[in-house]
Amino acid sequence: MAALCESFTLCGLGPSGGVGLGSGLLALEPGPDPDHVLLTDHGRTATLFKVSDQKPLGCWSVKHGQIITCPVVCNFETHEYVAVHDDKVLRIWKNQDINLDKVFKATLSADVYRIHSLPCGGPLVLFRGGGVRTLDVLLEAPQQEIENIVSDEVIKWSQAFMEGQQPVLIFATEKDGDFFVYVQKVKINSLHRYKLEQQDSKPMSFTAYIKNKFITLLCLYSNDAVYKVLIPLQQNTEEEEQILSKSLLLNLSVSGSILKGTSFVVLDKDHIAVLGSLAASGEEPKECLTIWNTKFQTLQTSKELPLGTSGQLWCYEEKFFFTHGKVLTVIMYKCETASLAAAVGKLKESRAPDVSSFVNWDTLGDGELVAPSKQSVPLNSGPQVALRSRKNAAAKAQQATLSVGQLLLNLKDASTTVFEDELRKLMSKAPMPDIQAIIGCVMTAITDRCKAKPNYYPRSILLEMVEKRDLSYSLCPDLMAVALEKKDLQLLQICLQRFPDIPEEITYTCLKLFLSLSETYLQSTDVNLESVICYVDVEFNNKEVKNEILENGFNAELEKGSRAAEISKTTHASDDGELCPVGPQRAALLNAVLRSAYSETFLLPHLKNLPAQQVVLFLSYLHYLHVKCSERINTTLPGTSSPTVNQIMDWMCLLLDAHFTVMVMLPEAKGLLSDLHKFVRAQVRFYSELSKIEGSLQELQRLNHQKDIQAYSIEVLELI
C-alpha cells in the first residue's frame, strides 16, 4: 500500500524566488543532515535548504561568466561541499565560507561529468571519458592523466552505491542508438562493459540498486514500460562484452490511459514512483505524479500537476521533490508492505489516505464513488461482518467503508449546518495515525467552500481547528488567504503565532493589513492582548520613565539622548495621550508578525513595497519597543508572547534596509531617525562604560566564589 500525503513549497524557481534559481534547477542532492538538500541551478548558484522549515541555510555563487557544470554534492566525511564549474575547475568549501573565489581551487586535466558522494566511501568523480577517481586520489595530483574509456559514446546517466566496503559506480552510455552499461569497482579498478538488448523503443531514464550480489537496473523506455535488468557483481574478467537481456517489470497503463513517463525512482521492493503525462483517448494529457505497485501491476495513487513540471523527480527521506510551475514542490509519501488487498484498495486497516485525491472536489469524477478506492480510510475501524445480505446491510456497509474523500464529496452541496456537523463528527472519529492528513483535507474542504460561496465563513470552526490542532501553513495553504480576504484579525494572529512555515509574502500581506486598518476599526476587533497588556499603558508618564532608566544605570548625560526619544514618541502618540504610537490591538497584531519565522532574503523584496507612511508608523512602534526593552535590566518585555529585543532590532534593520533612502527624504521621518540615532548612541555609550568595569566585576565574582561565608556579612569593596 502506498499513498501521497501532504505537500508544500520548498522555494520559488523564478527570478523572484530569491535563491538564485531563476535559470532552472540542474539537480537536487542530499545535504549534510537528513533534513537538508542541496539545490544546484543551471547557472552559477548552489543553495542549501532546510526542508522542514523551507528556509535557505546558505547560498554560494561562482563569478559572472562561470557556470556550474555538474551538481554540487556534500562530502559526508568532511562536511565540505564539492562543485565543478566550467567542466574542469574543482571547488571545495565549508559552511562558513562566503566567497567562492577564496576557497580551495584545482584545475583538472579532463572534463567532469558528475560527482557522486557516498556516506561512507567519500566522493567519486566520473569524467566524461568514463574515467573514475576518488576525490582524495584526484586531489593528490589534480593534473593527473585521465583515461578515455567510452571513446565516442556519450554518458547519459550514472549512479554510485556501496557494496560492503567497496564503492561501485554504474553508468550508461549511448552511441548511434545503441546503449551500453559500465560497472566499475573503484578500489580494485575492475571495469565491465555490457550492451543493452536492442529493441524499437529507447531507454529514457535509469535507476539502480544492489541486492544479493546483483545490480538491479531499471529502465524506463519510450514504449511506456519499465524493464528490469540483472547484472552480477562477480564477473570473469576474461569474458567479452555481454548483451544484457531485460524483462518487463511494469506497463504504465490503466483503464485505457497511458502514462508517458519522463523520470522515475524506486521506493521499495514493490513500489516505484513515475513522473509523467497521463493521456486518455480523446483527452488532453495531464502531467501527474504516480505510485505503482510492481508486484501486482497496479496504480496505487496519483496527483495531477496542472502547472506542469520539468520532468525531473528526486526522492529523499520519504519525500518527493519536483518542479511544479515556478516552484519546487515537496510531497511526503507512505509505503507499506504490498498485499493483494492493498493493491486493489480493499485493505480494511489502510492507514494512508491520498490527500490529493479529494482535496479538489472538481477533479473527482462520479466513477470514483462506486469504484473501489485505492486509498479508502474506514471511519469505523471495527471488524466488518462478511456474507451479509446486500439489501439488509447496504447502509451500514456504505458508512463503514466510506472514505474521507467520498464523505467530503458527498458534503459538497450539503447545508451549512449539516456540513459542519459532519466535519466535527469526522474529526472526532479520525484515527490518530492519519489525523494530520485528515485535518488538512477538512481545512481544504472548508476553505474551498468559502471561496465558492462568498457569504459562507465558519469562523468558529476555523478558530477551533487552529487553536486545538497542530496545524501548519503547508497543511492548509488557503486558510490565511481566506482570513485576509475576510479581515479576520483574530484568526490571522493565531496563525502567525502557531504556524512555523508561513511564506514571507503572506507575512508581509498580514503586516500591510495590520498597519492599514484604522484605530476605530481595530478597537472593535477581538484579538489577544496578552503580549502588550503589561507595557502599553495610557497612564505612563515621564517620571516613571526617568526612574526606570536610572535603575538600568543611565546617568544624566546619557539620559538626554533617550529623553529626546521619549519626547519624540509623544508627538507620535494618539489623540487620547497614549505614549505608544499604536493602540493595543494593533500592537498585539504587530507583535505576532515580529515573532513569526522568516528569511531576510525572501522578506526584504516584499518590504520594499510597504507604503512610506506605514513604514514610519511601524518603525515608530519598533522604536517604542526598543526603548521599553532598554528600560528593563534584563531587556525583556513583560507579558506572554512578547517580541524579544533581537527580533525588534532585526525588524528595524530590515525596514531601514528596505526604505532608507525614502526615510532620509521623507520630512515626517527625519525626527524619528534622529531619535533612533540618539537613542542608539546613548546605548552604545552606556555599554561602553560597562565594558570598562567588566574586568573588575569578573574579579569580584572570582573573590566571592573563593570565600565561604556562613553567616550574614556586609563587605565594602573599592573599585580603583
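The values are calculated or read from the model by the stated rules, or taken from the named source; none is laboratory data. What you see is a predicted model; the values in this text were computed from it and never measured. Here Cβ is always computed from backbone atoms with ideal geometry, including for glycine, and neighbour counts include all displayed protein chains. Quick note on the areas: whole protein, heavy atoms, side chains included, nothing else; ligands and nucleic acids left out. Shrake-Rupley method; radii C 1.70, N 1.55, O 1.52, S 1.80 Å.
What about residue 470, is it at pLDDT below 90 and open to solvent by less than 20 Å² (accessible area, probe 1.4 Å)?
So residue 470 does not fit the description; no.
Confirm whether residue 69 is of a type in the set (Val, Ile, Thr) and surrounded by fewer than 19 Cβ atoms within 10 Å (Cβ to Cβ).
Answer is no for this residue.
Could you tell me which numbered condition residue 258 fails, if it satisfies all but one of (1) closer than 17 Å to residue 159 by Cβ; (2) at pLDDT below 90; (3) open to solvent by less than 80 Å² (accessible area, probe 1.4 Å)?
For residue 258, the failing item is (1).
Being open to solvent by 60 Å² or more (accessible area, probe 1.4 Å) and of a type in the set (Ser, Thr, Tyr) is the filter here, so list the residues in the stretch 599-616 that pass it.
Within the stretch 599-616, 601 is the sole residue that qualifies.
Does the stretch 20-37 hold any residues that are assigned to a strand (DSSP E or B) and either open to solvent by 50 Å² or more (accessible area, probe 1.4 Å) or among the aliphatic types (A, V, I, L, M) (or both), and which are they?
25, 26, 27, 28, 37
Of the residues in the stretch 675-694, how many are of a type in the set (A, V, I, L, M) and either at pLDDT below 70 or in contact with a His (Cβ under 7 Å, 6 or more places away or on another chain) (or both)?
Residues in the stretch 675-694 being of a type in the set (A, V, I, L, M) and either at pLDDT below 70 or in contact with a His (Cβ under 7 Å, 6 or more places away or on another chain) (or both): 1 in total.
Regarding residue 212, is this residue open to solvent by 70 Å² or more (accessible area, probe 1.4 Å), closer than 20 Å to residue 88 by Cβ and not hydrophobic (A, V, I, L, M, F, W, C)?
In short, no.
With respect to residue 509, determine if the residue is touching a Leu at 6+ places or on another chain (Cβ under 7 Å) and assigned to a loop (DSSP other than H, G, I, E, B).
Taking the combined requirement at face value, the residue does not satisfy it.
For the stretch 619-626, does any single residue satisfy the condition of being open to solvent by 40 Å² or more (accessible area, probe 1.4 Å) and either touching a helix residue (DSSP H, G or I) at 6+ places or on another chain (Cβ under 8 Å) or farther than 19 Å from residue 496 by Cβ (or both)?
No, the stretch 619-626 has no match at all.
Residue 279 is checked against (1) at pLDDT 85 or above; (2) over 17 Å from residue 216 (Cβ atoms) and fails just one. What number does that condition carry?
Result: residue 279 fails condition (1) only.
Only one of these conditions is not met by residue 98: (1) at pLDDT 95 or above; (2) surrounded by fewer than 16 Cβ atoms within 10 Å (Cβ to Cβ); (3) of a type in the set (A, V, I, L, M). Which number is it?
Failed condition: (1).
Of everything in the stretch 142-195 that's in contact (Cβ under 8 Å) with a residue 40 or more places away in the chain and of a type in the set (Val, Ile, Thr), which residue is farthest from residue 92 (Cα to Cα)?
Residue satisfying both the conditions and the ranking: 181.
Consider residue 477 against the criteria (1) under 26 Å from the mean Cα position of the chain (by Cα); (2) open to solvent by less than 40 Å² (accessible area, probe 1.4 Å); (3) not small (Gly, Ala, Ser): it satisfies all of them except one. Which criterion is unmet?
So the condition that residue 477 fails would be (2).
Residues being touching a Leu at 6+ places or on another chain (Cβ under 9 Å) and either buried (at least 21 other Cβ atoms within 10 Å of the Cβ) or of a type in the set (Asp, Glu) (or both): count how many of those fall in the stretch 38-55.
So the count comes out to 9.
Scan the stretch 160-176 residue by residue and report those that are part of a loop (DSSP other than H, G, I, E, B) and farther than 16 Å from residue 210 by Cα.
Answer for the stretch 160-176, where residues must be part of a loop (DSSP other than H, G, I, E, B) and farther than 16 Å from residue 210 by Cα: just 176.
Quick one: which of 650, 657 is closer than 30 Å to residue 530 by Cβ and open to solvent by 40 Å² or more (accessible area, probe 1.4 Å)?
650
Which is surrounded by 14 or more Cβ atoms within 10 Å (Cβ to Cβ) and out of contact with any His (no Cβ under 9 Å at 6 or more places or on another chain), of 145, 153, 140, 163?
153
Can you tell me how many residues within the stretch 191-212 are assigned to a loop (DSSP other than H, G, I, E, B) and of a type outside the set (S, T, N, Q)?
Count: 3.
Looking at the stretch 5-19, can you tell me whether even one residue there is assigned to a loop (DSSP other than H, G, I, E, B) and at pLDDT 90 or above?
No.
Of all residues being assigned to a helix (DSSP H, G or I) and open to solvent by less than 100 Å² (accessible area, probe 1.4 Å) in the stretch 695-708, which is modelled with the lowest pLDDT? Just the residue, please.
Filtering the stretch 695-708 for residues that are assigned to a helix (DSSP H, G or I) and open to solvent by less than 100 Å² (accessible area, probe 1.4 Å), the one modelled with the lowest pLDDT comes out as 704.
What are the residues in the stretch 610-641 that are modelled with pLDDT of 85 or more and hydroxyl-bearing (Ser, Thr, Tyr), if any?
620, 621, 624
Residues 188, 215: which one is assigned to a strand (DSSP E or B), farther than 28 Å from residue 278 by Cβ and either at pLDDT below 90 or within 41 Å of the chain's Cα centre (by Cα) (or both)?
Among 188, 215, only 215 is assigned to a strand (DSSP E or B), farther than 28 Å from residue 278 by Cβ and either at pLDDT below 90 or within 41 Å of the chain's Cα centre (by Cα) (or both).
Just name the residue that is farthest from residue 263 (Cα to Cα) out of those in the stretch 181-198 that are open to solvent by less than 20 Å² (accessible area, probe 1.4 Å) and among the hydrophobic types (A, V, I, L, M, F, W, C).
So the residue we want is 183.
Collect the residues in the stretch 622-659 that are assigned to a helix (DSSP H, G or I), touching a residue at least 60 places away in the same chain (Cβ under 8 Å) and aliphatic (A, V, I, L, M), keeping them in residue-number order.
627
Tell me, yes or no, whether the stretch 231-238 has at least one residue that is at pLDDT 90 or above and either part of a loop (DSSP other than H, G, I, E, B) or under 23 Å from residue 336 (Cβ atoms) (or both).
no
From the residues in the stretch 443-467 that are open to solvent by 40 Å² or more (accessible area, probe 1.4 Å) and among the polar types (S, T, N, Q), which one is nearest to residue 590 (Cα to Cα)?
Across the stretch 443-467, the extreme among qualifying residues is 460.
Please go through the stretch 269-283 and pick out each residue that is under 25 Å from residue 215 (Cα atoms) and either basic (Lys, Arg) or outside any loop (DSSP other than H, G, I, E, B) (or both).
Within the stretch 269-283, 269, 271, 272, 273, 274, 275 meet the criteria.
Kindly provide the set of residues from the stretch 660-679 that are without any contact (Cβ under 8 Å) to a residue 24 or more places away in the chain and buried (at least 16 other Cβ atoms within 10 Å of the Cβ), ordered by number.
Correct list: 673 only.
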